[in-house]
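Working notes, structure below.
Values quoted throughout were computed directly from the atomic coordinates according to the rules given, and no laboratory measurement underlies them. The model shown is predicted, which means the values in this text are computed figures rather than measured ones. Positions of Cβ are backbone-derived with ideal geometry, glycine not excepted, and every protein chain shown enters the neighbour counts.
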């Protein structure tokens, strides 16, 4: 009887461990958001998005204000069109703000950072960032450095 209780206890422990791993995997992948949070969408065009991914964070002054909704190639300008979902409560972003792609850490994930402007008018649903700064691609920097070293 006690051997049976030990087996049940071990089974329960393994089941809890697997459940914890599943929750951790969902948190890391960003799949836990089954519905979109309320907010509004704005777009930004970049020459190069580097390794930016959908669901990447959007931050302003280090504060999480939204997520990257989608990334697509604009067939007319041949630039990357990035749609950002800004969460409710952050509706006072100045209209002349700048969107830039940054990397957290030396080789970390990429995110969109918003540098606020000074206009009184604010971004609204469907608006577009007029000023953007593309991602810094490490391979391109290394290539430029190597060609300068050869000169």
Notebook entry, point to check: What is the spin-label model distance, in nm, from residue 91 to residue 1 if the labels are put 7 Å beyond Cα along the C-beta direction?
Noted result: 6.6 nm
Check: What length, rounded to one decimal in nm, is gained on full extension from residue 70 through to residue 139, with 0.36 nm per residue of separation minus their alpha-carbon distance?
Finding: 22.4 nm
Notebook entry, point to check: What is the spin-label model distance, in nm, from residue 41 to residue 8 if the labels are put 7 Å beyond Cα along the C-beta direction?
Noted result: 5.2 nm
Checklist line | Calculated FRET value between residue 106 and residue 22, using beta carbons and R₀ = 22 Å, to 0.05 | finding: 0.10
Check: Label points 7 Å out from Cα along the Cβ direction at residue 130 and residue 78: separation in nm?
Finding: 2.6 nm
